[in-house]
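What follows draws every value from the coordinates through simple rules; no lab data is involved. Since we're looking at a predicted model, the values are computed, not measured. Cβ sites come from the backbone with ideal geometry, for glycine too, and all protein chains shown count toward neighbours.
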């Protein structure tokens, strides 16, 4: 046996040579997460306060957040995963005459392209199923998706979008919700009227209330469209297993609803759909329904690979739901002492291109629009109207913040006109224990006046008239 | 971003060679706070990025015979921390501090801010008010020009392919000249200026304005001077009323547009107020400096 | 392709990447350090903040090639195997993070501040955090947490000083 063919005997090796050094890059600290409460959880007796109330508690996710170890969707990746991007229409109202995806499909690295025609049921929505996964053939707002691609890198996917040729026939667009209420306005979802939901709350006798009022105040208040801007953009990953079951990792806050919508759009039994709701980087109402998930699922089916889609920050503004702008007309009758005797309200919600959570928002806004005040005579009429603008949907408050701006602003105006302290006028009118709301609900645990007084005390409010 | 070639310049000579070689096909990368955003929005599609961010020669701040030289690659954070600039020109510190946020100030360079040349640039007004000039180098050599000649229009400078901004010079006669910078934005941080103003003057005998300068930003296609307001101040006795009047005159010289951030009228109002404040601040610094020298 | 080598959290790391790769992409996709987040990709939100050669920067605004030879600290490098960094402890105790997405960026901006200034005023803290957007918390508890962390770090350095003196004077 010569030197070169001698096999190194295991014994001759240094111990250190038989072991690779451990992966110290994976700096998972050995520090264990602590218990969230300082006391053992107890099941409290009925109507007794649990001892946990008033205790300091650490959030159970605080440890991982601080370590940067929390895994959000974009932090997940799978072998062979593709990246999806969606082509946005960029035009408020149009008919798609032609989509040519051939140049994109021919690009090396582009694994699949999808258009609206290929979606089994191209409609979804939490209340009305009026929103297409990918527009076909009518585009109703500039953020409408018209095609989707899946490619091996995001860079290639972006390039592919540019190579998809879409020919649009521009259609008349309506951008103002009040104008959209007219019969002669362009119809966003032709031939239906643009007014897609209404709600009316009536209490007492409004004419009598105004007749008895000493002063009547009328004003129009309006609020603007607001975007949630959660730090984490909308994102999802879709993957199929060999038995034809779909798994979606999504940030959606209502995954059962999402399962139902996915089943409907893909014509798949719900039992074949698994949705994993991942830890979310901010929802605020904007991530409570599906958006790109059916497109990702179909791209995944076409390519046989997991497909991830992450919205750009720009898409967060154009292609996700926003807070409803509301135009609010308030007519309020008061006595000379500032007591509200009658309130007539008309709300017009800018409902965007698709319903999303607008019907719920409409209901909330309408019911809350008179404010937390004892008013015997109320008429509140609310309409939500389609326009060719960004979708409006759920956003913290669901219609409450907008009407609050209106009724509180008018309260200040009334106080000023009558020479009454703004705090006093509110104490005069606010709900008491047992008051009934505009819809007739009897209210309990009412602490409006106590809260106002306490706050005034803490702020050092000086009465002003 | 789309694909591009990338080359990192080792020193100034190497940078000039690279820029001469690639010409209009190249874009210069310094701090990247504007360029990378433009690349991501596909505003430009350069074939090559010439990275000059490692040129240590362009990161110095030093007083030379002809004045204060600030290297083009000095970052806004560097300006805020420089003992020389903090002592001599708090206005430049204020301008640098008003840009973006800590992270962007650590990356963004003075040269980059000037060369990106947006009308609302924060580095421009105070430097214009201090009669700054810039040095530009290319394969042919170096040239010096008044800073105002660098600015041609929104995002348009007088630089040609192959040019590299090398430093910014505040002339010797202006070292220690009282100056101030005022900015109004819709937020206190990460805000674009609706209007910004640079002002400087010496306090002459009998407390008069000597060599007054007023520069206005975000109210014209480039940073502009307010010559009528300057002429009004020149030789005038220093007082709050005079400063207010100068503000009103300057507001008339401004040519603002109305956009979604503010109306032209509002911007004119802002000019009047900010000019008045800048003059008052510059005077306060003059007084403080006097006390320092006397003490 | 650009070959880059740098020191990340004390370890030498290298990769061969297309030149247009940002430092953020390099950290997340090549080094699997997903703490730095993509929030806007244009340097507005600060979710991508990391510390390069001692300075907090938006990693989405740096090309990978620009990080060549430099020291990078990411959120993953703050804690050791034995204990959390005092900033992490303070944030946890103050309940300063909710969804947590902005967290890594905020903690590193706080670290950059406290490395320079162990006694920051509220205004100085606000200034240091102004490049980090948060939609959940309203920032109030973050400011408390940074003040808390400053106190913890001051105590630590006092303790170390005391030990050093004790050692120096020990027979």
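A compact table of results
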item	result
Whole-angstrom Cα spans of region B:104-222 along principal axes, big to small	50, 36, 28
Helical mean residue ellipticity (222 nm; -39500 (n - 2.57) per DSSP H run of 4+; nearest 500) of chain A	-7000 deg cm²/dmol
Förster radius 25 Å - calculated FRET efficiency between residue B:56 and residue C:117 (Cβ-Cβ, nearest 0.05)	0.40
Where the Cα pairs of chain B fall when distances are cut into 5 Å bins, in %	1, 6, 12, 17, 18, 16, 13, 9, 5, 3, 1, 0, 0
Rounded Å value of the spacing that divides the Cα centres of region A:77-137 and region B:76-123	45
Spin-label model distance (nm) - residue A:129 vs residue C:5, 7 Å beyond Cα toward Cβ	6.0
Footprinting exposure proxy for B:56, B:14, A:141 (fewest neighbouring C-beta atoms within 10 Å first)	B:56, B:14, A:141
Alpha carbon centroid spacing (whole Å) that separates region A:366-402 from region A:283-343	14
Kirkwood-Stokes translational diffusion coefficient of the protein assembly as shown, alpha-carbon pairs, 25 °C, 0.890 mPa s, µm²/s	77
Footprinting exposure proxy for A:437, A:291 (fewest neighbouring C-beta atoms within 10 Å first)	A:437, A:291
q = 0.14, 0.26, 0.27 Å⁻¹: log10 I(q)/I(0) that the Debye formula gives for region C:2-77, counting C-alpha atoms only	-0.35, -1.32, -1.43
Cα-based Rg / Dmax (Å) for region B:179-285	13.3, 46
10 Å Cβ neighbours from other chains, averaged over peptide C:127-133	5
Beta bridge orientation in the protein assembly as shown: antiparallel %, DSSP, nearest 5	80
Label point distance in nm, residue A:224-residue A:76, each placed 7 Å from Cα along Cα→Cβ	3.7
Square roots of five times the Cα gyration tensor eigenvalues for chain A, Å	52, 34, 18
Debye intensity ratio I(q)/I(0), log10, region A:202-318, q values 0.12, 0.14, 0.20, 0.23 Å⁻¹ (C-alpha model)	-0.53, -0.63, -1.06, -1.29
For region A:383-465, Kirkwood radius (reciprocal of mean inverse C-alpha pair distance, Å)	15.5
Radius of gyration and Dmax over the Cα atoms of region B:56-174, both given in Å	13.2, 38
Sequence of A:59, B:277 once ranked by neighbouring C-beta atoms within 10 Å, starting from the fewest	A:59, B:277
Over chain C, equivalent-ellipsoid semi-axes from the Cα gyration tensor in Å	29, 22, 13
Sites residue B:81 and residue A:208, calculated FRET efficiency, Cβ-Cβ separation with R0 60 Å, nearest 0.05	0.25
Stokes-Einstein diffusion coefficient of region A:264-380, Kirkwood radius over Cα pairs, 37 °C, 0.692 mPa s, in µm²/s	179
Relative packing of B:243-251, C:110-118, which averages over residues the other C-beta atoms within 10 Å, highest first	B:243-251, C:110-118
Averaged over C:60-70, number of beta-carbon atoms from partner chains that fall within 10 Å	5
Considering only region B:1-99, percent of DSSP beta bridges that pair antiparallel, nearest 5	35
Distance (nanometres) between label positions extended 7 Å along Cα→Cβ at residue A:257 and residue B:10	6.2
Computed FRET value (nearest 0.05) for residue B:144 with residue A:450, which takes r as the C-beta separation and R₀ as 51 Å	0.10
Inter-part distance where region B:248-295 and region A:443-457 are each reduced to a Cα centre, Å	47
Stretchable slack from residue A:457 to residue A:302, in nm (0.36 nm times residue separation minus alpha-carbon distance)	49.3 nm
Per-selection Kirkwood Rh - region C:65-150 (Cα, Å, 1 d.p.)	13.3
Averaged over B:102-113, number of beta-carbon atoms from partner chains that fall within 10 Å	6
Ordering of B:185-193, C:36-44 by packing [mean C-beta count within 10 Å, highest first]	C:36-44, B:185-193
